[in-house]
Amino acid sequence: MPELEAYKRFFGQAYTLNVVEKGIFPPGEYKSSVLWFFMGLYPNKYRADFIIHDYRSLSTGYFPRIKNQIKKTLNQRPDLRVFLNERGAREYNFNDKVPFVFIDMGIHEHLCPQVQGAKDKFLYDFCYVGDVFYKRQIDRLLESFSKKYSFKTLALVGRYDPSIKEAFKANENILFFGKRTLKDTYKIVSDSEFALCYLPNKYPYFFQTPTKLLEYAALGKKIIVNDVASNILTCTKYNINVEVVKGHDIPDGKSLKTLKDNRCFDSSCITWEGIIKRSGVLDYLMR
């Protein structure tokens, strides 16, 4: 969870922080403590000065909505809940009058390099950041790209299914970089002319704010998104310039020539520290 570093920076000014795994976090009493759970299933009882349940990530895999219902039913009642946005809050639909706040996704400003001026040459034509898996349907993007472009490069940054890499091994212009550090990832994005944010049009992806879209905008990129609700809503909310395509298609060169970049985008509105502060969560802890 990349946002944990932002939580450490923000709350570390007033609290002593410990990050623990579920397996070594036994139930019981934690005096003079705030317990912040990133919600899976915690059916046992915990006692503390203040308990927060963070439901910003919806369940994935098989029967995700049933998993959400189980978490809603079996987890203890907290003092505060955190949701990603209103759509996520409505999906859980708690009715026990526990207060809640919204903490949307953000960016790490201290890791984000300065937006560069206009460039004539890039190391890569396109880049995509994220898992290259069949469940994300990125193989469809690669199929579309391989048919339209044999002379342009596509840099893929993130975990990948070896069988997908094998399927496109003949396409030397499709580059599989694998998982990289955040700094390395930002460097590859900066060195690319166009950045792709393609999401599967299925649950829960159309509920969740795509972090990479925010990072692309903060880096001033020319951005291409597919027509999934979370992409469209995020672009509208933050006034991000994008080219929207259907499904997992790739636009042709003619439409790309008129695509505006985001070098004028003000990333101060989406830094983690700002988003956490504006959420009001600290006000609850200081009461």
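Once phi is turned into θ = phi - 60°, what whole-Hz ³J(HN,Hα) does the Karplus curve with 6.51, -1.76 and 1.60 give for every residue of region 10-20, x standing for Gly and Pro?
6, 7, x, 6, 10, 10, 8, 9, 9, 9, 10
Along the positive direction of the dipole of region 193-244 (beta-carbon charges: Lys, Arg +1; Asp, Glu -1; about the Cα centre), which of ALA195, THR236, VAL225 reaches farthest?
THR236
List SER192, SER230 from most exposed to least, where exposure is judged by having the fewest other Cβ atoms within 10 Å.
Ordered by Cβ neighbours within 10 Å, fewest first: SER230, SER192.
In what order do THR153, THR234 fall by count of nearby beta-carbon atoms within 10 Å, going from fewest to most?
Fewest-to-most ranking of THR153, THR234: THR153, THR234.
For the Cα atoms of the chain, what angle does the longest principal axis make with the long axis of helix 229-238, in degrees from 0 to 90, nearest 10?
90
Can you list the HN-Hα couplings for region 271-287, worked out from phi with the Karplus curve (6.51, -1.76, 1.60; θ = phi - 60°), rounded to whole Hz and with x for Gly and Pro?
6, 4, 4, x, 5, 5, 4, 5, 5, x, 4, 5, 4, 5, 6, 8, 5
What order do you get for ASP96, ASP54 when you list them from fewest to most C-beta neighbours inside 10 Å?
Ordered by Cβ neighbours within 10 Å, fewest first: ASP96, ASP54.
Reported to two decimal places, what Rg/Rh ratio describes region 187-267 when computed on Cα atoms with Rh from the Kirkwood expression?
Dividing the radius of gyration by the Kirkwood radius yields 0.94.
Over all alpha-carbon pairs in region 244-287, figure out the percentage whose distance exceeds 17 Å.
It works out to 62 percent of all Cα pairs.
For GLU21 and GLN76, calculate 0.36 nm times their separation in residues minus their Cα-Cα distance, and state this gained length in nm to one decimal.
Length gained, GLU21 through GLN76: 18.0 nm.
Which loop trypsin sites (Lys or Arg not before Pro) in region 200-257, with loop taken from DSSP, have no more than 11 other Cβ atoms within 10 angstrom of their Cβ?
Taking region 200-257 and a limit of 11 other Cβ atoms within 10 Å, the loop trypsin sites (Lys or Arg not before Pro) found are LYS246, LYS257.
When the dipole is taken about the Cα centre of region 38-182, and only Lys, Arg (+1) and Asp, Glu (-1) are charged at their Cβ, what size is it in debye, to the nearest 20?
Here the size comes out at about 400 debye.
From the helices alone, meaning DSSP H stretches of at least four residues, give me the mean residue ellipticity at 222 nm for the chain, per-run term -39500 (n - 2.57), in deg cm²/dmol to the nearest 500.
Counting only the DSSP helices, I get -8000 deg cm²/dmol.
Loop-only check: which chymotrypsin sites (Phe, Trp or Tyr not before Pro) in region 129-199 are DSSP coil with at most 16 other Cβ within 10 angstrom?
Taking region 129-199 and a limit of 16 other Cβ atoms within 10 Å, the loop chymotrypsin sites (Phe, Trp or Tyr not before Pro) found are PHE133, PHE151.
Through the Karplus equation 6.51 cos²θ - 1.76 cosθ + 1.60, θ set to phi - 60°, convert the phi angles of region 81-93 into ³J(HN,Hα) values in whole Hz; use x for Gly and Pro.
Ordered by residue, 3J(HN,Hα) equals 10, 10, 10, 5, 7, 5, 5, x, 5, 5, 5, 7, 6 Hz.
Viscosity 1.306 mPa s, temperature 10 °C: give me the Stokes-Einstein translational D for region 109-270 in µm²/s, with Rh taken as the Kirkwood radius over C-alpha pairs.
Answer from the Stokes-Einstein relation: 100 µm²/s.
How large is Rg over Rh for the chain, taking Rg from the Cα atoms and Rh as the Kirkwood inverse mean of 1/r across Cα pairs?
1.00
Taking 22 Å as the cut-off for C-alpha to C-alpha distance, list the pairs among LYS135/LYS257; LYS147/LYS254; LYS67/LYS165; LYS135/LYS183; LYS165/LYS257 that go past it.
Those over the limit are LYS135/LYS257; LYS67/LYS165; LYS135/LYS183; LYS165/LYS257.
Read-outs throughout are calculated quantities, based only on the coordinates presented, and are distinct from any laboratory measurement. All of these numbers come straight from a predicted model, not from anything done at the bench. Here Cβ is always computed from backbone atoms with ideal geometry, including for glycine, and neighbour counts include all displayed protein chains.
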